[in-house]
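Worksheet: one structure, shown below.
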Amino acid sequence: MSLSVIIPRPARCLHRLAKLDFVTRDTAAKMSTSQRETTFFLGNGNKIDKETFLEKIADSKAKVIMVGENHEDSTAHQLELDILTKLNNARTSKTGLSLEFYDRESQIVLNEYLSGMLDVDTWLEYSRPPANYADYQPLIDFCKTNSLPALASNCPRRYTRMVSRNGKEYLNQLKNSSSATLLPPLPYSGASEAYTKNFIDIMQKMGNTNPNVPTKMLDAQSLWDATMAHSLAGFLDQVDSVLHVTGYFHIQYKLGTVEHFHRYAPGVDILTVVILPSEQLDALNTEQLNIGDLVALTDIDTL
């Protein structure tokens, strides 16, 4: 989740982790300025080529394909468009796109843009796009050109701010209000033990060693996960399969959004694809193994 763009201020560095999770600042400073080729792997570390990578995604029986990215990675954004194009060309069933950074209040505007009722400037004016909206516009325009549905999957940011300040129970007062349509079913589930551990580890890497600080931030992160998962489960009533683009922390090791999705749609298969900026591109290191069903390593020096 690109918490640098949204919600709780203390967590805003969370998605800078692509530089901190798998490479230190010192090693990053030593990298070459020439871009190296992206490498592709099965989650178990077996190396494959790009075409096999794309074919495995297209041939998967999974109804939900979750792609986790670093939001600053331009190589990841191009690869996501390659994946969507491959799915559209290879699958005869109806495929849709889902995006983390657009919220449910923007769905009507998104539908109007996809139908051709709005020009791009009007779309951007009323959809509350992320700061890096240009990175996702090619995906949205691909859907428009190919008549594919797209999903604004998240809750409005004001709710994650509420939770980060007041805790997850604060939202329960909205359970029977019209606002509930913008949220997952309340009360929503909190983070699992494994997800919590990963979150705290990240906070410690950022220098926050106070064990009490991350609690509300983690609740806000879980609201983000739960809303996306609930949106995806409902979207399957409209499409046969969906490509969901999100920050890699939300889906790594099949935690976060994946866990919440299984609560809302038990038995529905998910394929996780993680695209990571990395110093080492020749092989997956210990932390990268099984971070996704499929893994792509991009040149961290391009961030």
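Selection over segment 169-188 of residues that are open to solvent by less than 40 Å² (accessible area, probe 1.4 Å) and under 16 Å from THR257 (Cβ atoms) gives a count of 3.
The residues on offer are ASN89, ASN111, and the sole one that is more than 21 Å from the chain's Cα centre (by Cα), modelled with pLDDT of 55 or more and of a type in the set (S, T, N, Q) is ASN89.
A count restricted to segment 263-283 and to residues that are under 21 Å from ALA62 (Cβ atoms) and touching a residue at least 12 places away in the same chain (Cβ under 8 Å) stands at 12.
Residue-wise test of (1) touching a residue at least 40 places away in the same chain (Cβ under 8 Å); (2) not in a helix (DSSP H, G or I).
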position: ILE200; (1), (2): no, no
position: GLN204; (1), (2): no, no
position: ASN208; (1), (2): yes, yes
position: ASP219; (1), (2): yes, no
position: SER222; (1), (2): yes, no
position: MET228; (1), (2): yes, no
position: LEU232; (1), (2): yes, no
position: GLN238; (1), (2): yes, yes
position: VAL242; (1), (2): yes, yes
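Residue by residue through segment 131-156, note down the ones that are open to solvent by 10 Å² or more (accessible area, probe 1.4 Å) and small (Gly, Ala, Ser). Passing the criteria: ALA131, ALA134, SER147.
Looking across segment 189-228, the residues that are open to solvent by 10 Å² or more (accessible area, probe 1.4 Å) and of a type in the set (Ser, Thr, Tyr) come down to SER189, SER192, THR196, THR209, THR215. If you scan segment 260-299, which residues turn out to be polar (S, T, N, Q), part of a loop (DSSP other than H, G, I, E, B) and either open to solvent by less than 70 Å² (accessible area, probe 1.4 Å) or in contact with an Asp or Glu (Cβ under 8 Å, 6 or more places away or on another chain) (or both)? Those that are polar (S, T, N, Q), part of a loop (DSSP other than H, G, I, E, B) and either open to solvent by less than 70 Å² (accessible area, probe 1.4 Å) or in contact with an Asp or Glu (Cβ under 8 Å, 6 or more places away or on another chain) (or both): ASN285, GLN288. Only one entry in ASP121, ASP73, ASP82, ASP49 is among the charged types (D, E, K, R) and in contact with a Pro (Cβ under 8 Å, 6 or more places away or on another chain), namely ASP73. Residue-level analysis places ARG165 outside the set of residues that are within 21 Å of THR246 (Cα to Cα) and basic (Lys, Arg). For the criterion of being open to solvent by 60 Å² or more (accessible area, probe 1.4 Å) and touching a Ser or Thr at 6+ places or on another chain (Cβ under 7 Å), ARG128 passes.
Yes/no per residue for (1) open to solvent by 40 Å² or more (accessible area, probe 1.4 Å); (2) out of contact with any Cys (no Cβ under 7 Å at 6 or more places or on another chain):
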{"residue": "MET66", "(1), (2)": "no, yes"}
{"residue": "ASN70", "(1), (2)": "no, yes"}
{"residue": "ASP73", "(1), (2)": "no, yes"}
{"residue": "LEU79", "(1), (2)": "no, yes"}
{"residue": "LEU87", "(1), (2)": "no, yes"}
{"residue": "ALA90", "(1), (2)": "yes, yes"}
{"residue": "ARG104", "(1), (2)": "yes, no"}
{"residue": "ILE108", "(1), (2)": "yes, yes"}
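In segment 39-60 there is no residue matching the filter, namely being surrounded by 15 or more Cβ atoms within 10 Å (Cβ to Cβ), modelled with pLDDT under 95 and either in a loop (DSSP other than H, G, I, E, B) or not aliphatic (A, V, I, L, M) (or both).
The values are calculated or read from the model by the stated rules, or taken from the named source; none is laboratory data. Here the structure is a predicted model, which is why all the values come from computation and not from measurement. Positions of Cβ are generated from backbone atoms using ideal geometry, with glycine treated the same way; all protein chains shown enter the neighbour counts. Calculation scope for accessible area: heavy atoms of the full protein, side chains included, ligands and nucleic acids excluded. Shrake-Rupley method; radii C 1.70, N 1.55, O 1.52, S 1.80 Å.
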